[in-house]
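Asks: I have a structure here, written as structure tokens, and I will follow up with some questions on it.
The values are calculated or read from the model by the stated rules, or taken from the named source; none is laboratory data. Keep in mind that this is a model prediction, so the values were computed, not measured. Glycine also receives a Cβ, built like all others from the backbone with ideal geometry; neighbour counts cover every protein chain displayed.
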């Protein structure tokens, strides 16, 4: 089988530091190679280098770095423009950053079609709708006219994939292409990528999801600290890993059989888990509609009801657009429902105003998917926590000591106080986000995709951390996630949402092992599993 991409002894450095240290691999025509490893292992910078986007100040050296026999180290930017998007498609992980916030989604795809195909304007418009439908975007004509911020994270990621495949490239490099996608759309995108592979396209997939890797990849290379520590056929590496690091990655995957166990290998804090206590949030028959760019009002949430008790974790799952995030915003008091009510600690959001509303809001906090986007990049950790403690009415002279207490609660210490978000790893940033949420001693923390952007080992640490914090404080979690393996591992009860409605809810074990609704069964059937393990 012919090698489309050949990498031999690739070394990448920034200043005096080396981030990729002599890696070698090849991608053959019609096959998929997966690069896996933790954040900071060098996966993403390798991918960017392969499309000429390493970054300013980078030093790139290689004994061989070729695409279809052409030396990539000798290309000028003009040469890259002819290859990038046309012969090599590139899917970045963060769709919100990758898509132009001022340009409609259809225009992003049209730019590729105009540059790399002979299609007329009318034919391009038809092709844009076809591509969006192909990657599972509902109402593709409408979505093509929307701006990125008007789409959910999953829809943005699908639009980015549509842009990457628009020029029918021979090689597709995809950096975490399914991270933001729910399981049914993830399955659809994986089927699409598998179809492209069957058409003799080549794929280089970067992913921390080993179940996705096992489903799509032919071979896998495991990276750690800028080096490849293990490489081989996917069934061999995942079934009988030779390196300790690969074995630790496999052990950290949350699933039904990991419930009640530690994923990170660290011991649990002393003491028994608390039983669920009093109801801290009661959501009663809430409904919410939004008007789209076409002027049509669409119901995002319809007649949703549930309760959340102290020391309990309730998960909300469903496809993008199912109403998960709108439900969470209503519970947080950030979005006013058209009808229905939300009570926090026995008080309804609609019945409190002014100072009382601010006090009630302190009892419900949130941890977002991307803490880097939710932090002011100019703030140090000390400033982030000081601001949260000030809102919580902690006296100024007590704030530093309380900030250190919070950091220690989430597994950090006072040494992290002077650091800024960009000086922290992804896992450390999420720990600071949890510490900030704990500052006002809330009864509830809404966790909105809190681990979906993290690699599997850091995800394991954060899931164990959330469990530790709940054991110590009795805080309740409303846990929103598209990852059903994470939900099965972390939650006590689960709500399944579709088209704004709760179609099934109950104890997580019951819902996952004996689902009653056809949609729930469809979700569970779509969960990617380690088929090679």
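Asks: Any idea how many residues of the range 317-331 are surrounded by fewer than 24 Cβ atoms within 10 Å (Cβ to Cβ) and on the phi > 0 side of the Ramachandran plot?
Replies: 1
Asks: Answer yes if at least one residue in the range 105-125 is in a loop (DSSP other than H, G, I, E, B) and either within 20 Å of the chain's Cα centre (by Cα) or under 24 Å from residue 54 (Cα atoms) (or both), and no otherwise.
Replies: No, the range 105-125 contains no residue that is in a loop (DSSP other than H, G, I, E, B) and either within 20 Å of the chain's Cα centre (by Cα) or under 24 Å from residue 54 (Cα atoms) (or both).
Residue-by-condition table, conditions (1) part of a loop (DSSP other than H, G, I, E, B); (2) within 29 Å of residue 156 (Cα to Cα); (3) touching a helix residue (DSSP H, G or I) at 6+ places or on another chain (Cβ under 7 Å):
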site: 302; (1), (2), (3): no, yes, no
site: 307; (1), (2), (3): no, no, no
site: 316; (1), (2), (3): no, yes, yes
site: 328; (1), (2), (3): no, yes, no
site: 331; (1), (2), (3): no, yes, no
site: 336; (1), (2), (3): yes, yes, no
site: 342; (1), (2), (3): no, no, yes
site: 357; (1), (2), (3): no, no, no
site: 360; (1), (2), (3): no, no, no
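Asks: Looking at the range 119-135, can you tell me whether even one residue there is out of contact with any helix residue (DSSP H, G or I) (no Cβ under 9 Å at 6 or more places or on another chain), crowded, with 20+ Cβ neighbours inside 10 Å and more than 24 Å from residue 187 (Cα to Cα)?
Replies: Looking for residues that are out of contact with any helix residue (DSSP H, G or I) (no Cβ under 9 Å at 6 or more places or on another chain), crowded, with 20+ Cβ neighbours inside 10 Å and more than 24 Å from residue 187 (Cα to Cα), one finds none in the range 119-135, hence no.
Asks: In addition: With the requirement that a residue be under 18 Å from the mean Cα position of the chain (by Cα) and more than 17 Å from residue 300 (Cα to Cα), what does the range 137-166 give you?
Replies: Within the range 137-166, 148, 156, 157, 158, 159, 160, 161 qualify.
Asks: Collect the residues in the range 61-71 that are surrounded by 13 or more Cβ atoms within 10 Å (Cβ to Cβ) and either at pLDDT below 90 or part of a loop (DSSP other than H, G, I, E, B) (or both), keeping them in residue-number order.
Replies: Residues satisfying the conditions are 62, 68.
Residue by residue, here is whether (1) part of a strand (DSSP E or B); (2) more than 23 Å from residue 229 (Cα to Cα); (3) within 28 Å of the chain's Cα centre (by Cα) holds:
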| position | (1), (2), (3) |
| --- | --- |
| 51 | no, yes, yes |
| 59 | yes, no, no |
| 73 | no, yes, no |
| 93 | no, yes, yes |
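Asks: Is one or more of the residues making up the range 146-159 over 17 Å from residue 321 (Cβ atoms), assigned by TED's automatic domain parsing to the domain that holds residue 188 and either surrounded by fewer than 21 Cβ atoms within 10 Å (Cβ to Cβ) or touching a strand residue (DSSP E or B) at 6+ places or on another chain (Cβ under 6 Å) (or both)?
Replies: no
Asks: Could I ask something else about it? Among (1) crowded, with 21+ Cβ neighbours inside 10 Å; (2) farther than 22 Å from residue 225 by Cβ, where does residue 46 come up short?
Replies: Against the list (1) crowded, with 21+ Cβ neighbours inside 10 Å; (2) farther than 22 Å from residue 225 by Cβ, residue 46 comes up short only on (2).
Asks: Hey, another quick one. Would you say residue 341 is at pLDDT 90 or above, within 30 Å of residue 522 (Cα to Cα) and surrounded by fewer than 18 Cβ atoms within 10 Å (Cβ to Cβ)?
Replies: No: the conditions fail for residue 341.
Asks: Taking the range 399-420, which residues are in a helix (DSSP H, G or I) and surrounded by fewer than 17 Cβ atoms within 10 Å (Cβ to Cβ)?
Replies: 400, 401, 405, 408, 414, 415, listed by residue number.
Asks: Next up: Give me the helices (runs of 4 or more DSSP H) completely within the range 421-533, filtered to those with at least 2 residues that are over 22 Å from the mean Cα position of the chain (by Cα) and either in the same structural domain as residue 93 (by TED's automatic domain parsing) or at pLDDT 90 or above (or both), ordered by residue number.
Replies: Counting at least 2 such residues, we get 456-473, 508-513, 518-525.
Asks: Also, quick follow-up: Considering 157, 146, which residue is over 20 Å from residue 48 (Cα atoms) and either free of Cβ contacts under 8 Å to residues at least 24 places away in the same chain or not in a strand (DSSP E or B) (or both)?
Replies: Numbers: 157 fails: over 20 Å from residue 48 (Cα atoms).
Just a single option satisfies the conditions, and that option is 146.
Asks: Here are some conditions: (1) surrounded by 15 or more Cβ atoms within 10 Å (Cβ to Cβ); (2) touching a residue at least 24 places away in the same chain (Cβ under 8 Å); (3) more than 18 Å from residue 41 (Cβ to Cβ). Residue 294 meets all but one. Which one does it not meet?
Replies: Just one mismatch for residue 294, condition (1).
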